[in-house]
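*Asks:* So that we are looking at the same thing, I have put the structure below in structure tokens.
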Amino acid sequence: MPLQDHKTGTALWLSALALLVALTAYASLGAFSRYIADDYCEAVRVTSVSPIQAVVDRYSDGSFRSANRYSNILFVGFSEMLGRNSIPITMVAMVVLWVVGLTWLVHETRILAGMAWTRLADVFFGGTLAFMSFVQAPNLFQTVYWRSSMMTHFAPLIFGSLTLAFLARQARRPTQETSSFLTYGVICFACFVLAGFSEPPAATLVVFFALLLLAIRLWNKSPLQNRRFALVGSAFAGSLGGLIVLILSPAVANVTREKSPDLVAVLFNSFIYALQFMRDSFVSLPLPLFLSFLTPLLLIRLLKQSGDATLPDARRLPLWMIVAPLVVWLLIAAGFSPSVFGQGFPVERMRFLARALLIATLMLEGAWLGLILPEFKINRTIGVWAPLLLFVAISTAYPLRAAFALFQNTLPEYRERAELWDLRDAYIHRRIAEGETDLFIPGFGGAHGVKELDSNPAHWINVCAANFYRVSSIQSFSTKDLLEALSE
């Protein structure tokens, strides 16, 4: 048994180190993020007044569809307080927080469920979910490295993982310890803030907590039932309150007047689109999704063989494995419904939440299957070494391969773009120092579907950029030798 423990521990350490390399590569990409498109507009909005006032002004304005999202503009304001390098600092910090939040959530949920394994396994599961989410992101740049979009579609997942981890920690406290009203208030407020990032996470949270309340009332017969029901009820109240604030906004009222959507059709299409999304995910990403399922299965088998993976009552696991895909279908449909209401099938960056939910479900299915599979009795040596070697091969080679591709291809692209942006920023400041107010600057292309400055000074991005630099106008022009033009 000690030998088996040693082998499993070594395998876990190797896997964790490989994940660290890959996640470090993803974090380093954030260091090369710069202002683009909506970033200029939002920076002007939150720096011209206080972040709180910016939230109130934009919500009351309601002239564009996303004006009702109160939390993302608030956190843009907090990000701007970091100074000149606020965007790269924020991007790197968000990737790190995502990994920390998921690891903490795995740790607390595992203890709450009565499952026993090492803390290093918590790190592996949390890191794997983060890594696989990045690898399979529908549009990684727009979701993670463009601040305007990141604060809408990635930030709620980060703060959501931290909030859920805190909720799980409170739910597992001993019977004799009581939760204070402050704890309930913190959870309610945190979920209200989470709902304010955008409608998809808000709708997903409301449905998730409603299902959790139902499950606690029907199946949780422990002495902690009432406390857990109250904790989840606080989270549900905050999420529902946030969703109501979003729905009752002037922005949504304008959309409703323009489109008069059929709510029955919206719900029906949401479920159809969710099903199509899951099918398309398996067709377009068969290997990453299969590995998301296989690696937890192999690790749980190894931990189980060494006596480090236990579950108090495994009789319900087959039922959970059947119910989990139905639940994730419902949650993805809930997240899709605001997009269906406003525009149709969700755009790429709005599918990141759905992809993360799908990956998490596959990881759970793999872990549960690993717990209920019987021992390999034909040849114990093969039963021990085969999953060990396969686990090490997959869990180290795949992250390292992804990291190599990032350092080889993606990182140089991001670095080059950041260098061009920095040169252009210095160019603009030189022209401003010379007294120019109508700027005619060298331009370059957008990135991953996000538009850059236009040749038309009246374009909304140019108007926001002019306000950002505090000049009258900005327009770009094409040039063959961009570096030479920016160095003038």
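*Asks:* Quick check, is L120 within 21 Å of S71 (Cβ to Cβ) and part of a helix (DSSP H, G or I)?
*Replies:* no
*Asks:* Please verify whether T479 is β-branched (V, I, T) and at pLDDT below 90, treating the condition exactly as stated. Spell out the reasoning first.
*Replies:* Details: β-branched (V, I, T): yes; at pLDDT below 90: yes.
Criteria met by T479.
*Asks:* If you check every pair at least six apart or on different chains, which have Cβ atoms under 7 Å apart with a residue in the stretch 296-314 that is in the same structural domain as G127 (by TED's automatic domain parsing) and modelled with pLDDT under 70 first and a residue that is assigned to a helix (DSSP H, G or I) and of a type in the set (D, E) second?
*Replies:* Short answer, once both residue conditions are applied: S306/D5.
*Asks:* If I filter the stretch 47-57 for residues that are under 17 Å from W146 (Cα atoms) and not acidic (D, E), do I get at least one hit?
*Replies:* Taking every residue of the stretch 47-57 in turn, none turns out to be under 17 Å from W146 (Cα atoms) and not acidic (D, E).
*Asks:* Further question on the same structure: Among (1) outside the structural domain of A27 (by TED's automatic domain parsing); (2) surrounded by 15 or more Cβ atoms within 10 Å (Cβ to Cβ), there is one condition P399 misses while meeting the rest; what is its number?
*Replies:* (1) is the only condition that P399 fails.
*Asks:* Moving on. Scan the stretch 129-160 for residues that are touching a Pro at 6+ places or on another chain (Cβ under 8 Å) and within 23 Å of F404 (Cα to Cα) and report the count.
*Replies:* Within the stretch 129-160, the first condition is being touching a Pro at 6+ places or on another chain (Cβ under 8 Å), and the residues that meet it are 131-132, 135-136, 153, 156-157, 160.
After this cut, where a residue has to be within 23 Å of F404 (Cα to Cα) as well, the list is 131-132, 135-136.
Here the count works out to 4.
*Asks:* Which residue out of I89, I73 is on the phi < 0 side of the Ramachandran plot and either crowded, with 23+ Cβ neighbours inside 10 Å or among the basic types (K, R) (or both)?
*Replies:* Working: I89 fails: either crowded, with 23+ Cβ neighbours inside 10 Å or among the basic types (K, R) (or both).
Answer to the selection: I73.
*Asks:* So V245 ticks every box in (1) surrounded by fewer than 21 Cβ atoms within 10 Å (Cβ to Cβ); (2) modelled with pLDDT under 85 but one. Which box is left unticked?
*Replies:* Condition (2) is where V245 drops out.
*Asks:* Something else: For a quick check of your reading: which helices (runs of 4 or more DSSP H) sit entirely within the stretch 394-488 and have at least 1 residues that are closer than 21 Å to S86 by Cβ, in contact (Cβ under 8 Å) with a residue 60 or more places away in the chain and among the acidic types (D, E)?
*Replies:* Values: elements: 411-433, 460-469, 482-486.
Fully inside the stretch 394-488 and qualifying: 411-433.
The values are calculated or read from the model by the stated rules, or taken from the named source; none is laboratory data. Quick caveat, the model's predicted, so the values are computed rather than measured. Here the Cβ is made from the backbone with ideal geometry for all residues, glycine too, and neighbour counts use every protein chain on show.
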